[in-house]
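K.L.:
Please see the structure below; I have some questions.
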Amino acid sequence: MKTAETEPSPVLIGTAPRTRRQALVKSAWVVIWFLYLAGPIGDLADGGLSPAHELLGCAGLLTFVAVYFVVLFRHMAHRPVKNAAVRAAVAFIAVLAGLLASVIGPNWLVLFTFVCVAVAVTQPFSVSRWAIPALTAVLVLIGLRYADVRAYLFAYALPCLLSGFAMVGVQHLIRTTKELREAREEVARLAANEERLRLARDLHDLLGHSLSLITLKSELAGRMLPAEPDRAAQQVADIERVSRQALVDVREAVTGYRRPRLVVELAGARAALRTAAIAADIDPAVEQEHRGLTEDGEGALAWSLREAVTNVVRHSGAGRCEVLLTEEWEADERRYLCLSVVDDGTGPPRGGNHDGNGLSGLRERLALTDGRLETGSAPRGRGFALRAYVPLGGLPVPDAVTRSAEQRPSGA
């Protein structure tokens, strides 16, 4: 059974939009609040206002919306703006909201909701904690002038107050999310530095003694060479032996660091998919050990996972990626481990060959382990599927042995 990764935030909280699609999603979450403008727009459309009020309403509403959009979108895009200019813009739309609500009618009181949101988004909590209640109080004072809305004035005041403080909470969440991302990046940097230090320590431990011994024996052989060539030759032979052993130790150490592991690549794949806002559906079997899987086979699967996820992130335009690891039997009763990476993106390019340089190299790497690579359309008809097969050594599982024995002819 597969476990789905945590779904990405639809509004990408705390990050600037990196693509047009993300910008449209963020814009939609802002534009949806403009349903509150149905009242003012209805007043202008009814035609019951005087020409002066009609002109004031149209000009004032357009100006209000334009300034509100500029203030919020520059803040969401993380473009630096002077605090004095932002505060002046927020004060301007607050005064404009009060003017329009006082002169034209009570339906224009909804503009104070947008002002409270702008205050919560652009100002620190030390300002918004008193500015939002103050704006709500101004709304109530203006609303009391209209006898026909006094009974349900709370329907204007309550959304104004709650929307403002709700956005204060959202801003706190955004700051916390940014701090969490920075902490994760710092942890990754510290882990990389720790790995470098560990590699340096291991190489020092491996080579320090060997190089010291080589230096000592070289000096000794140099002194023995004129008078005792036989003993000098023995020292040179020892130098060769120590050098070869040091080379073997270094190769083993570097190979251990360079050989990719499936679990390690899975962690990197999760991070890459999460960063690209692609939902990951990971089979728990990927993180389990598999009997008979050689180091070369695991390395080939790890490279396959890295290449497949890289292609999904860069080229697929997918919204979901599925990673599976299954054991399969071939017609010759050989057991294979199959890594499948399937996305719901644009699918393979038109034409017979789907291989680029990455997939061609991956196909060659799998061939060295007696495995193979298969690519094509996803089973559901939309997206791209990559399947990497590597053979499993060792004894097969008991039920599989029984099944294969039952399938053999009785005279075999």
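K.L.:
Please sort 219-228, 137-146 by packing, taking for each peptide the average over its residues of neighbouring beta carbons within 10 angstrom, highest first.
P.N.:
137-146, 219-228
K.L.:
Starting at the first residue of segment 37-46, write each ³J(HN,Hα) from the Karplus equation 6.51 cos²θ - 1.76 cosθ + 1.60 with θ = phi - 60°, in whole Hz, x for Gly and Pro.
P.N.:
Going residue by residue, I get 7, 4, x, x, 5, x, 4, 5, 7, 5 Hz, with x marking Gly and Pro.
K.L.:
Could I get the Rg over Rh figure for segment 165-233? Both from C-alpha atoms, Rh via Kirkwood, rounded to two places.
P.N.:
Taking Rg over the Kirkwood Rh, I get 1.66.
K.L.:
If the convex hull of the alpha-carbon atoms of segment 20-185 is projected onto planes in all directions, what is the mean projected area in square nanometres?
P.N.:
10.9
K.L.:
Another question, if that's okay. Keeping all protein chains in position, work out how much accessible area SER126 exposes to a 1.4 Å probe, and write it in Å² to the nearest 10.
P.N.:
70
K.L.:
Follow-up. Using modelled backbone amide H atoms (1.01 Å from N, in-plane), which distant-in-sequence or interchain residues come within less than 5 Å of ALA279's amide H?
P.N.:
ARG320, CYS321
K.L.:
While we're here: Using the Cα atoms of segment 263-326 to build a convex hull, what is its mean projected area in square nanometres?
P.N.:
Its Cα hull, projected and averaged over all orientations, spans 4.1 nm².
K.L.:
Would you mind checking which residues have amide H under 5 Å from GLY347's amide H? H placed 1.01 Å from N; only 5 or more apart, or other chain.
P.N.:
GLY383, PHE384
K.L.:
Another one. Per residue of segment 368-385, in order, report the coupling 6.51 cos²θ - 1.76 cosθ + 1.60 (Karplus, θ = phi - 60°) as ³J(HN,Hα) in whole Hz, putting x for Gly and Pro.
P.N.:
My calculation for segment 368-385 gives 5, 9, 6, x, 7, 10, 10, 9, x, 6, 5, x, 7, x, 10, x, 10, 10 Hz in order.
K.L.:
Moving on to the next point. Tally Lys and Arg at +1 and Asp and Glu at -1 over the other residues with C-beta under 11 Å from the C-beta of GLU374: what net charge comes out?
P.N.:
Once positives and negatives cancel, what remains is +3.
K.L.:
Segment 258-308 to segment 138-188: how many Å between their Cα centroids?
P.N.:
43
K.L.:
How large is the accessible surface of TYR152 in square angstrom, using a 1.4 angstrom probe and rounding to the nearest 10?
P.N.:
Its heavy atoms expose roughly 100 Å² to the probe.
K.L.:
Taking Cα pairs under 8 Å and at least six residues apart, what relative contact order does segment 190-255 come out at, in percent?
P.N.:
36
K.L.:
Near HIS53, within a Cβ-to-Cβ distance under 15 Å, what is the net charge of the other residues, with Lys and Arg +1 and Asp and Glu -1?
P.N.:
Combined, the nearby Lys, Arg, Asp and Glu give -3.
K.L.:
Turning to a different aspect of this structure: Taking segment 290-382 on its own, what percent of its Cα-Cα pair distances exceed 20 Å?
P.N.:
Value for segment 290-382: 38 percent of Cα pairs lie more than 20 Å apart.
K.L.:
Sticking with this structure for a sec: Ranking request for peptides 260-269, 169-178: highest mean number of other beta-carbon atoms within 10 Å first, then the rest in descending order.
P.N.:
Ranking the peptides 260-269, 169-178 by packing returns 260-269, 169-178.
K.L.:
Counting Lys and Arg as +1 and Asp and Glu as -1, what is the net charge of the other residues whose Cβ lies under 14 Å from the Cβ of ASN193?
P.N.:
That works out to 0.
The values are calculated or read from the model by the stated rules, or taken from the named source; none is laboratory data. In this text the structure is predicted, and so the values were computed from the model without any measurement. With ideal geometry, Cβ positions are generated from the backbone for all residues, glycine too; neighbour counts draw on all protein chains shown. Heavy atoms of the whole protein, side chains included, go into the accessibility calculation; ligands, DNA and RNA do not. Shrake-Rupley method; radii C 1.70, N 1.55, O 1.52, S 1.80 Å.
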